[in-house]
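Shown next, in structure tokens, is the structure this report addresses.
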Amino acid sequence: MKITRYPPGPAGLPFVGHLFSYQRDPISFLIKAVRNYGDIVHFRLGPRNFFLLNHPDHIEEVLVTHNRNFEKKGQTPPARQVMGTGLLYSRGDFHLRQRRLIQPAFHRQRILAYADVMTNYGMETQERWQEGTNLDILEEMTHLTLRIVGKTLFDRDLESETGEISETFNLFIKWGLTPGPLYRLLERLPLPSVHHRQKALNQVNTFVHKMINERRTSGVDAGDVLSMLLRAQDVEGDGSGMTDRQIRDEIMTLFVTGHETTALALTWTWYLLSQHPDVEAKLHAEIDTVLADRPPTAGDVEQLPYTRMVFMEAMRLYPPTWRICRRVLRDYEIENYLLPADSVILICPYVTHHDSRYFPDPFKFDPERWIPKAEVRLPRCAYFPFGAGPRQCIGESFAWMEGILLIATLAQRWRMRLVPNHPVRIMLSVTLRPKCGMRMILERRKPSLDLKLTDFKSNIASVP
Ligand code: HEM
């Protein structure tokens, strides 16, 4: 019989383990842990055993080849309030069923059809921009990507609602890393912030239920996710299947997952470009050569390899989903170490993406490292901003299309300069965010296209 033991790791305090140092600065804690103890590290957060895995082969084992031995870790209370048992957090057969149901919305043909909406909303945004404006580019990208999700997946132009919806999500995202018991305690207190958060969420809930009811009453099958969900509910007939509550959870999940991560990836891209004029110049050269003065289409994406490399490198340095957690279902052995049932596996794309074994000079922003097909030389899970295996991001192709088209559309006309002395610091909640937003000044590159707003607004038709 093999002898198994826990992997090495830092000795923690009695009872709390490393809760405080982890909460204070998770990334530094995890980077230091890997540096000092290697690719498999054991530590405790409170009474719970955590195992940080950093080697791409081990990551692949957990997420892909032996994924059945692990399940998604339960969500934090704020995530539960917003997304309930939507696709991101559901488990087992129920997750499989919901994933199969929603998958058609992300088939290749549909993503191609979404491209026009992505470019057109991008065009609208940049037409509105004014030379010299100082704005929070994260807020701009958030509104833009939220509108795109609303139109592509729910056939709804959210122009007037984006502010309220994204503000509500933000109120919850900020609490993403608060330990569950503390959050639940705070929720019971008569604090104005708790009241404000709940009120905002009620408003978004009302809006989503109105969307569901309107579509049901109209009987229109728009072929979008909302119609798919309603159709599935009808097929199940007796109501034992998907309730309105479940439909609401799936919609909220797609709203949240479908816009925030892409908005962050774009925000970090603009920031990195502003700090690397040489990369920015190459990007502009590619966009100008391929597009001249016309807006990009789905067909151009393949012709914009450098734009893709820039986006890819930004997500290496700042992976919006900075950690992925799994619960161990049955005792599991890796390299003769024991990972006991009910412990938590922590996988941190941020840490692995900065590992010099796979990415020489790992903190350098260097899109050239992604010269086409370079990634095939890397182990499968050395670069995985979208996760891997059966829980891999359902929206990955959507995000690539959207990221490349929006970079091309916006960089064709504008460059963004970081406001002098604006503090750029990482804040970790569920996602990796710039703590103080990203204040940038707009500089026009070229005169506006001859197109008028109305020309391309009329192109924003329903997605077939
Ligand atoms: C740059 C953009 C994006 C990044 C970095 C990203 C990242 C991720 C990651 C890492 C996961 C897996 C989490 C895990 O294994 O625990 C995930 C799951 C998911 N993502 Fe994305 N995502 C992005 C864009 C999108 C978009 C555009 C959509 C939808 C329109 C989307 C919808 C989802 C959903 C629904 C899941 C849960 C899938 C499941 O568990 O079956 N994501 N995403």
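Highest-first packing order for the peptide set 9-15, 412-418, 21-27 is 412-418, 21-27, 9-15, based on the mean count of other beta carbon atoms within 10 Å. Annotation for Gln275 and Ala292: the two label points, set 7 Å from Cα along the Cα-Cβ direction, are 3.7 nm apart.
Calculated FRET efficiency, His66 to Arg245, Cβ-Cβ distance, R0 = 30 Å: about 0.35 to the nearest 0.05.
Projected label points at Asp25 and Tyr183, each 7 Å from Cα along the beta carbon direction, are separated by 2.5 nanometres.
When each of the peptides 253-260, 302-309 is scored by how many other beta carbons lie within 10 Å of its residues on average, the order from highest to lowest is 253-260, 302-309.
Fully extended, how many nm does the chain gain between Ile426 and Arg330 (0.36 nm per residue separation, minus their Cα-Cα distance)? Write out the running numbers ahead of the final one.
Details: separation 96, 0.36 × 96 = 34.56 nm, distance 3.52 nm.
Stretched fully, the Ile426-Arg330 segment lengthens by 31.0 nm.
Of the peptides 342-349, 85-92, the ranking by mean beta-carbon count within 10 Å, highest at the top, reads 342-349, 85-92.
Pairs Lys73/Lys210; Lys174/Lys282; Lys151/Lys210; Lys151/Lys282; Lys72/Lys210: which exceed 27 Å Cα-Cα? Each step should come with its number before you reach the end.
Values: Lys73/Lys210 31 Å; Lys174/Lys282 36 Å; Lys151/Lys210 16 Å; Lys151/Lys282 32 Å; Lys72/Lys210 31 Å.
In this structure, Lys73/Lys210; Lys174/Lys282; Lys151/Lys282; Lys72/Lys210 exceed 27 Å between Cα atoms.
Taking Cβ atoms as reference points and 11 Å as the exclusive limit, the residues near Gly403 contribute a net charge of -1, counting Lys and Arg as +1 and Asp and Glu as -1. Report D for the chain in µm² per second (integer): Stokes-Einstein, Kirkwood Rh on Cα pairs, 4 °C, 1.567 mPa s. Stokes-Einstein gives a translational diffusion coefficient of 55 µm²/s. Footprinting exposure proxy ranking of Cys393, Cys381, Cys436, fewest other C-beta atoms within 10 angstrom first, gives Cys436, Cys393, Cys381.
Here the spin labels are modelled as points 7 Å beyond Cα on the Cα-Cβ line, and at Ala113 and Lys210 they lie 2.7 nm apart. Listed by chain and number, the aspartates and glutamates whose C-alpha is less than 17 Å from the C-alpha of Lys435, apart from same-chain residues fewer than 8 away, are Asp25, Asp136, Glu139, Glu140, Glu167, Glu260.
Readers should treat all values here as calculations from the given coordinates under stated rules, not as data from a laboratory. Please read all numbers here as calculations on a predicted model, not as lab measurements. Cβ coordinates were reconstructed from backbone atoms using ideal geometry, including for glycine residues, and neighbour counts include every protein chain displayed.
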